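Remarks on the structure that follows.
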Amino acid sequence: MAIQRTVLEHLRVDAGERFRLKDHDPSWLPVHLRGVAKADLKAQAAQMLSANQAELAAAQDLLYADDRYSMLIVFQAMDAAGKDGTIKHVMSGVNPQGCHVISFKTPSTEELKHDYLWRCMKCLPARGNIGIFNRSYYEETLGVRVHPDWLAKQMLPPELVTKNIWKERFKDIRSFERYLSRNGTVIRKFFLHVSKKEQKRRFLERLENPEKNWKFSSNDVKERSHWDDYMEAYEQTIRHTATRDAPWYVVPADNKWFTRVVVAAAIVETLGSLGLAYPTVGADERRELAAAKRSLLGTK
């Protein structure tokens, strides 16, 4: 089994004007995978993920050596969609020195005293590195939009909180991502699209399994009551911020194995498209290397 480019193209949104979330099925699978026994699918997916992990490790090494680009990977999803597991499985083979994961929680008092992009700007990856945002500045057009009281805590001047605030934030984010792209940061954004039915099943599993109780929060159920509002917020966000430089992938998340191989394949394909290469060694440097070798051979 392999994730074909046509599959990635089907899930990629880089011109969001006509995007509708209802056109994307959380349990969708490519035609060639439908009807295959679940056990066989999982076994093939494990092999595919292992291969992608090896490719990703090699690509990361090239990214670091090339030292021209950085990569920002953004994950957004409803609770229990599998963000943590996807990050863990997809990135397990990379060098931790060149990759960092930032999970953005409720803003602190200090963060609320700055503009909403500030806390994310501080965590952007350096050249040669991969940065992963588990949630991100997109919470400002998702959770904050669903919960007006969160917006009130940002202490903005009243005249700036208008009916156009979400359109203004979409514009700000597009400009921010365009700026990053023009400075060598490659951006890929993943919305892990889980169904309400599957989320309920995973919540119940966490409640019924003592080893998974720690994953559950009563706030998860409260947020679930806003499901329709969140779906509308996601649709609007993706519609207004999907661009060629910073596309979204709407990844079906009801099958965790498929989520992981899609994300891994998309990252590998992106890094492979950058024309990364190891630095060439000039004549003067080769002479220095030869001299160093002679020096080492002449010692005990």
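The values are calculated or read from the model by the stated rules, or taken from the named source; none is laboratory data. For clarity, every value in this text was computed on a predicted model and none was experimentally measured. Virtual Cβ from ideal backbone geometry, glycine too; neighbours counted across all protein chains shown.
Consider region 1-59 and keep the residues that are within 30 Å of His240 (Cα to Cα), of a type in the set (A, V, I, L, M, F, W, C) and assigned to a loop (DSSP other than H, G, I, E, B). The one that is modelled with the lowest pLDDT is Ile3. Within region 66-97, being of a type outside the set (Asp, Glu) and free of Cβ contacts under 8 Å to residues at least 60 places away in the same chain holds for Ile87, Lys88, Met91, Ser92, Gly93, Val94, Asn95, Pro96, Gln97. Return yes or no: is Ala253 within 24 Å of Gly16 (Cβ to Cβ) and in contact with a helix residue (DSSP H, G or I) (Cβ under 7 Å, 6 or more places away or on another chain)? Yes.
Quick check on region 99-111: of everything there that is buried (at least 16 other Cβ atoms within 10 Å of the Cβ) and not charged (D, E, K, R), which residue is farthest from Lys256 (Cα to Cα)?
If we take residues in region 99-111 being buried (at least 16 other Cβ atoms within 10 Å of the Cβ) and not charged (D, E, K, R), then Pro107 is farthest from Lys256 (Cα to Cα).
Screening Thr86 with (1) over 30 Å from Lys200 (Cβ atoms); (2) in contact with a helix residue (DSSP H, G or I) (Cβ under 6 Å, 6 or more places away or on another chain); (3) part of a helix (DSSP H, G or I) gives one miss only, at (1).
Per-residue answers, yes or no, for (1) under 30 Å from Thr86 (Cβ atoms); (2) out of contact with any Phe, Trp or Tyr (no Cβ under 8 Å at 6 or more places or on another chain):
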{"site": "Tyr138", "(1), (2)": "yes, yes"}
{"site": "Gly143", "(1), (2)": "yes, no"}
{"site": "His147", "(1), (2)": "yes, yes"}
{"site": "Met155", "(1), (2)": "no, yes"}
{"site": "Glu159", "(1), (2)": "no, yes"}
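The condition of being more than 27 Å from Arg260 (Cβ to Cβ) and at pLDDT below 95 does not hold for Pro210. A Cβ distance below 8 Å, combined with a sequence gap of six or more or placement on separate chains, defines the contacts here; from region 4-27, residues that are within 21 Å of Lys197 (Cα to Cα) and acidic (Asp, Glu) reach residues that are crowded, with 18+ Cβ neighbours inside 10 Å and at pLDDT 95 or above in the pairs Asp25/Pro252. Across region 213-261, the number of residues qualifying as within 22 Å of His147 (Cβ to Cβ) and modelled with pLDDT of 90 or more comes to 20. Which one of these is at pLDDT 95 or above, more than 22 Å from the chain's Cα centre (by Cα) and under 26 Å from Thr243 (Cα atoms): Ile132, Ile165, Ile173? Every option except Ile165 fails the conditions. Of all residues in region 213-230, those that are touching a residue at least 24 places away in the same chain (Cβ under 8 Å) and within 16 Å of Thr106 (Cα to Cα) have Cβ atoms under 9 Å from Cβ atoms of residues that are among the hydrophobic types (A, V, I, L, M, F, W, C) and not in a helix (DSSP H, G or I), 6 or more apart or on another chain, in Asp220/Ala80; Glu223/Met78. Scanning region 62-80 for residues that are in a loop (DSSP other than H, G, I, E, B) and closer than 12 Å to Gly184 by Cα, we see that the one that is nearest to the chain's Cα centre (by Cα) is Tyr69.
Here is the figure for region 185-230: residues that are farther than 25 Å from Glu140 by Cβ and hydrophobic (A, V, I, L, M, F, W, C) total 5.
Close Cβ contacts (under 7 Å, 6 or more residues apart or on different chains) running from residues in region 107-123 that are under 16 Å from Leu156 (Cβ atoms) to residues that are exposed (fewer than 15 other Cβ atoms within 10 Å of the Cβ) and charged (D, E, K, R) comprise Leu112/Lys153.
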